[in-house]
Amino acid sequence: MLVRRKRGWEIPESRATPEPVFRDRRRVLQALGAGSLLAARGFAPAQAAEESDPSAALYPFKRDPRYTLDRPLTPQKIVAHYNNFYEFGPDKSIAGLAQALPIRPWTILVDGLVEKPFTIGIDDLLRKMPLEERLYRHRCVEAWSIAVPWSGFAMAAFLRLAKPLAAAKYVRFQTFLDAKVAPGERRFWYPWPYVEGATIAEGENELAFLVTGLYGKPLPKQDGAPLRLVLPWKYGFKSIKSIVRVSFTDKRPHTFWSKLDPNEYGFWANVNPAVPHPRWSQAFERELGTDKRVPTLIWNGYGDFVAHLYAGIKGQELFR
Ligand code: MTE
C-alpha cells in the first residue's frame, strides 16, 4: 500500500483532479463505502507481463546522450504503480486492472491527409524505426513529476514513414476503445476514446518521442503499452497511451480533456509555473519518490528545444 503523508504545501486531491472526475469518484466512494473500495484497489501487485512481450529481446536500446536530467531517475516501482490511465479508472492504482489489455496483435492505423493510408503492426513498426533510449522529465498537470528512461523512436522518424501531405497541419492520436477490458470506458460521461493532438511542427521537433519501453524493457501496460506519445515540454495529459490510430488533418483535433473541460485543459498545454491551473498553482511540483517540492520550470526545462515553436502565436492560451 502506498501510504503518503500530505505536506502543508500539497494541494488536496480534490483540487488536483478534473472536477467531473472528482465528483464521480466521490459518488463511487459513497456508493461502495470507502474502506472496501480502497482494499479492493490497493497497491497493485507488480506484474512482469512486459517480460513475455514478443519485443523483449530488442531491449535495452542504446541511450541517446543528448538528453540529460537534473535529478535522479524515479524508482521504477513508483512509475509502474502511480498512473493516470482513465480507461482503467480514475485513481492511480490501475496497474493490476491494466494487465487485461491485450497488446498482441496490435495494429496502428495511419490515415487522413497522408500520401497513402496504411496499417502497421507494432512489431513491424519497431523493425523500421531507429530505436533509442532517452532520459526525460515528465510533469503532470496535477503537479507531480517523474524522471524516466523512455525507450522508443523520434516522432520525426514516424512522420517520414507516414508521409503526411503538405495540407496536413495537425496530427491526431487515438487510444483503443474496448469497454470489455477497460472498465473506465463504461463510464459514459467521458468522451471516449481518449484523443490527443499536436501540430506537425511539434511532431517534427527533436524532443517529440513515441515510446515503446521503459527502464530498458517493453512498456508496462499501465504506462501505455505498446505505443504512447511523450512530449516532455507539455503537461502529461498530452502523452496519450496505447495508441491505435494516427490521423493527419488540417483541423485542430478535439482532445479528450478539452472536451471534458475546455476552461481547464486546452490544446497547447505547455508547462509554465507562472500560469496557474484554474483550481491550483503550477509554481511547484512534487517529485515522486523523494516527495521533494521543486520549482516548476517553464517548458518543463526544455525551452531551448521548443520555445521557438510558439514565437509567432498570439491570442491563444499556450499554457493550459
Ligand atoms: N492516455 C490515455 N489513453 N488515458 C489516460 O488517462 N492519462 C494521461 C497520459 N496519457 C492518460 C493517457 C496523464 S493525465 C498523464 S499524467 C500520463 O498519461 C501519465 O502517464 P504514467 O501513468 O505513465 O505516468
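If you check F248 against the conditions, is it farther than 19 Å from E133 by Cα, within 12 Å of the chain's Cα centre (by Cα) and touching a residue at least 40 places away in the same chain (Cβ under 8 Å)?
The answer is no for F248.
When you look at R160, is it touching a strand residue (DSSP E or B) at 6+ places or on another chain (Cβ under 9 Å), open to solvent by 40 Å² or more (accessible area, probe 1.4 Å) and not in a loop (DSSP other than H, G, I, E, B), yes or no?
no
Just to verify a result, which residue in region 240-252, among those that are assigned to a loop (DSSP other than H, G, I, E, B) and open to solvent by 10 Å² or more (accessible area, probe 1.4 Å), is nearest to the ligand (Cβ to nearest atom)?
Only one residue tops the list, namely K241.
Go through (1) within 16 Å of the chain's Cα centre (by Cα); (2) over 30 Å from N272 (Cβ atoms); (3) of a type outside the set (A, V, I, L, M); (4) open to solvent by less than 30 Å² (accessible area, probe 1.4 Å) for G216 and report which single condition fails.
Looking at each condition in turn, G216 falls short on (1).
What's the total number of residues in region 265-301 that are within 17 Å of the chain's Cα centre (by Cα) and in a loop (DSSP other than H, G, I, E, B)?
7
Name the residue that is nearest to the ligand (Cβ to nearest atom), counting only residues in region 181-210 that are charged (D, E, K, R) and in a loop (DSSP other than H, G, I, E, B).
It comes out as R187.
Assuming L260 fulfils every condition listed in (1) more than 13 Å from the ligand (Cβ to nearest atom); (2) out of contact with any strand residue (DSSP E or B) (no Cβ under 9 Å at 6 or more places or on another chain) apart from one, which condition is it?
(1)
List every residue pair whose Cβ atoms lie under 9 Å apart, where the two residues are 6 or more positions apart in sequence or sit on different chains, the first residue falls within region 172-191 and is small (G, A, S), and the second residue, located anywhere, is away from the ligand (no atom under 12 Å from the Cβ).
Note: pairs meeting the criteria are A179/R186; A182/L97; A182/A100; G184/L97.
Going by the conditions given, is A147 under 30 Å from P273 (Cα atoms), within 16 Å of the ligand (Cβ to nearest atom), of a type outside the set (D, E, K, R) and open to solvent by less than 40 Å² (accessible area, probe 1.4 Å)?
yes
As an exercise: evaluate E142 against (1) open to solvent by 10 Å² or more (accessible area, probe 1.4 Å); (2) more than 16 Å from the ligand (Cβ to nearest atom) and give the number of the one condition it does not meet.
For E142, the failing item is (2).
The values are calculated or read from the model by the stated rules, or taken from the named source; none is laboratory data. Here the structure is a predicted model, which is why all the values come from computation and not from measurement. Quick reminder, even Gly has a Cβ in these numbers, built from the backbone with ideal geometry, and neighbours come from all protein chains shown. Just the protein is used for accessible areas: all its heavy atoms, side chains included, with ligands, DNA and RNA removed. Shrake-Rupley method; radii C 1.70, N 1.55, O 1.52, S 1.80 Å.
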